[in-house]
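Q: Once you've had a glance at the structure underneath, I'll fire off some questions.
The values are calculated or read from the model by the stated rules, or taken from the named source; none is laboratory data. Here the structure is a predicted model, which means the values were calculated and not measured. Here the Cβ positions follow ideal geometry from the backbone for every residue, glycine too, while neighbour counts run over all protein chains shown. We work out accessible area using only protein heavy atoms, side chains counted, and drop any ligands, DNA or RNA first. Shrake-Rupley method; radii C 1.70, N 1.55, O 1.52, S 1.80 Å.
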Amino acid sequence: MTKSSEQHAVPNSAGTGRPKHQAPANAADCHMHIYDSRFPQIASRAPVTNAAVPEYRLLQKRNGTTRVVVVQPRNHATDNQVTVDAIAQLGANARGVAVLHPTVTDAELKKLDTGGIRGIRFSLGDTATAVTSVDMIEPLSKRIAALGWHVQLHMPGDMIAQHADLLRRLPCQIVIDHMGRFPPSVGIAHPAWKVILGLIEKGRTWVKLAGAYLNTQSGPPTYADATRIAQAFVKAAPERLVWGSDWPHPTEKDKPDDALLFDLLAEWSMDEATRNRILVTNPEALYGFGSR
């Protein structure tokens, strides 16, 4: 059986085939989540199952990625044990992004840094489920700047535009989640596009090409509207992009095909050298892969 015909069933993922495009050596999945029942989840949220490290390894086997960035999921709130434990299980090829409140101590920050954390995330689109707030961004950014960490922002485009001045004065690097979450019908005509490009031009902002299903009305298999946004970012700043699977796709009742999502990057990046840059070189610069 050839690699292209191998079948790999993965929990929280449709399909079983491998991607048509092979992953280069040291390819990184820079956005996924681990949910582990050994650690407490918020009682008000439905528990996510079959999304611990053993299940994620099946996705790595299917897609061929070997490096990974574990992003703290909402269900585990600010208890980052689940993410630090996952990094330890996944080893030297893993890094993480935590969720914190300004009450975190310097000792706790140092411990998280030792555990592989390289940034903090603010997921702010839905105030009903957010465990952090906009007013926490700046004070925490000042706390983490000396560690070399970044602030990762999952905000809808309207919120990015609204808080542009805040983002411009943050002292650390910034990572924009899920391609900026522009309304699909508006795309890069949205004011947030120019805000993000301005931040990139300052040399300290990155964008995650992830969550095509969060940026689409047209849907699979082409995600045509999300593809237009992704290709615009590739044309504008290929040196500032990383890719992520967003497994186990917690927002999606009908799980997407992860092989299809991985293959989309080939269409988005348009040439092999750029694809390799997004999968390998850029993650090395942002997360320090290969440095420990």
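Q: Find how much the distance from Ala145 to Gln22 grows on full extension, using 0.36 nm per residue of separation minus their present alpha carbon separation; answer in nm with one decimal.
A: 40.7 nm
Q: Here is a further query. So for segment 60-179, taking the charge dipole from beta-carbon charges (+1 Lys/Arg, -1 Asp/Glu), which of Thr132, Ile176, Gly64 sits furthest toward the positive end?
A: Of the candidates, Gly64 comes out farthest on the positive side.
Q: Stokes-Einstein at 10 °C, 1.306 mPa s, Kirkwood radius from Cα pairs: D for the chain in µm² s⁻¹?
A: In µm²/s, the coefficient rounds to 84.
Q: Test of understanding: what is the full-extension gain from Ser218 to Glu284, defined as 0.36 nm times their sequence separation minus their Cα-Cα distance?
A: That pair, Ser218 and Glu284, stretches by 20.5 nm at full extension.
Q: Tally the DSSP beta bridges in the chain and give the antiparallel ones as a percent, rounded to 5.
A: Of the beta bridges lying entirely in the chain, close to 5 percent run antiparallel.
Q: Using the Cα centre of the chain as the reference point, and only Cβ charges (+1 on K/R, -1 on D/E), how large is the resulting charge dipole? Debye, rounded to the nearest 20.
A: 480
Q: Go ahead and run the numbers for FRET between Lys61 and Asp254, Cβ-Cβ distance against an R0 of 22 Å, rounding to 0.05.
A: Given R0 = 22 Å and the Cβ-Cβ separation, E is 0.45.
Q: So what's the back-of-envelope 222 nm ellipticity for the chain, counting only DSSP H runs of four-plus at -39500 (n - 2.57) apiece and dividing by all residues, rounded to 500?
A: Calculated mean residue ellipticity at 222 nm is -9500 deg cm²/dmol.
Q: Using a 1.4 Å probe on the protein heavy atoms, what percent of the accessible area of segment 117-204 belongs to carbon and sulfur?
A: Here carbon and sulfur together make up 53 percent of the probe-accessible area.
Q: Return the sequence-ordered ³J(HN,Hα) values of segment 208-217 in whole Hz as given by the Karplus equation 6.51 cos²θ - 1.76 cosθ + 1.60 applied to θ = phi - 60°, using x for Gly and Pro.
A: So the Karplus estimates, Gly and Pro as x, are 8, 7, 7, x, 4, 6, 8, 10, 9, 10 Hz.
Q: Report, in debye and to the nearest 20, how large the dipole of segment 69-204 comes out about its Cα centre when Lys and Arg carry +1 and Asp and Glu carry -1 on their Cβ.
A: Using only the charged Cβ atoms, the result is roughly 360 debye.
Q: Then there's this: So for the pair Asn50, Gln89, with labels modelled 7 Å out along Cα→Cβ, what separation do we get in nm?
A: 1.6
Q: Using a Gaussian network model of the chain whose springs link C-alpha atoms within less than 10 Å, name the residue from Lys253, Lys20, Lys111 with the highest mean-square fluctuation.
A: In the Gaussian network model the winner is Lys253.
Q: What nm distance separates the two modelled labels at Asp106 and Thr78, each placed 7 Å from Cα along Cα→Cβ?
A: Rounded to a tenth, the inter-label distance reads 1.9 nm.
Q: Something else now. Percentage of Cα-Cα pair distances in segment 176-216 greater than 16 Å, rounded to whole percent?
A: Percentage above 16 Å: 34.
Q: Which distance in nm do the two modelled labels at Ala128 and Gln162 give, with both placed 7 Å along the Cα-to-Cβ direction?
A: Computed distance between label sites Ala128 and Gln162 equals 1.7 nm.
Q: Excluding ligands and nucleic acids, what accessible area in Å² is computed for Ser185 using a 1.4 Å probe, to the nearest 10?
A: Roughly 90 Å² of Ser185 is accessible to a 1.4 Å probe.
Q: Using the scaling law 2.2 N^0.38 Å as the reference, what is the normalised Cα Rg of segment 5-91?
A: 1.14
Q: Quick one: which residues, 5 or more positions from Tyr35 or on another chain, have an amide H under 5 Å from its amide H? H modelled 1.01 Å from N in the peptide plane, none for Pro or chain starts.
A: Ala51, Ala52
Q: Treating the beta-carbon of each Lys and Arg as +1 and of each Asp and Glu as -1, no other charges, what is the dipole magnitude of segment 13-130 about its Cα centre, to the nearest 20 debye?
A: In total the dipole reaches around 500 debye.
Q: Same structure again: If ligands, DNA and RNA are left out, what is the accessible area of Glu272 with a 1.4 Å probe, given in Å² to the nearest 10?
A: In the full protein context, Glu272 sits at about 100 Å².
Q: While we're here: So which trypsin sites (Lys or Arg not before Pro) in segment 36-98 pass both tests, a DSSP loop state and at most 16 other Cβ atoms within 10 Å of the Cβ?
A: Passing sites in segment 36-98 are Arg38, Arg45.
Q: Using each residue's phi in segment 62-75, evaluate 6.51 cos²θ - 1.76 cosθ + 1.60 at θ = phi - 60° and report the 3J(HN,Hα) Karplus result to the nearest Hz, with x for Gly and Pro.
A: Once θ is set to phi - 60°, the couplings for segment 62-75 become 6, 8, x, 6, 10, 9, 8, 10, 8, 9, 3, x, 4, 4 Hz.
Q: Further question: Beyond 18 Å, what share of the Cα-Cα pairs of segment 114-195 is found? Please give it as a whole percent.
A: Value for segment 114-195: 42 percent of Cα pairs lie more than 18 Å apart.
Q: Moving on. Please list 3J(HN,Hα) in residue order for segment 112-119, calculated via the Karplus relation 6.51 cos²θ - 1.76 cosθ + 1.60 where θ = phi - 60°; whole Hz, with x for glycine and proline.
A: Karplus-based 3J(HN,Hα) across segment 112-119 equals 5, 4, 4, x, x, 6, 10, x Hz.
Q: Picking from His190, Trp206, Pro220, whose Cα lies most toward the positive end of the charge dipole for segment 156-223 (charges on Cβ: Lys, Arg +1; Asp, Glu -1)?
A: Trp206
Q: Also, I was wondering about something else. Using the heavy atoms of the protein chains and a 1.4 angstrom probe, tell me the accessible area per residue for the chain in square angstrom.
A: Per residue, the chain has 41 Å² of solvent-accessible surface.
Q: Kindly identify segment 158-271 as rounded, prolate or oblate by the Cα gyration tensor criterion: order the square roots of the eigenvalues as a ≥ b ≥ c, call it rounded if a/c is under 1.5, otherwise compare a/b with b/c, prolate if a/b is larger, else oblate.
A: prolate
Q: Something else about it: Sequence-distant or interchain residues sharing an amide H contact under 5 Å with Gln152, placed H: which?
A: Amide H neighbours of Gln152: Ile120, Arg121, Phe122, Val175.
Q: Going from most exposed to least, what order do Tyr213, Tyr287 have by accessible area with a 1.4 Å probe?
A: Correct descending sequence by accessible area is Tyr213, Tyr287.
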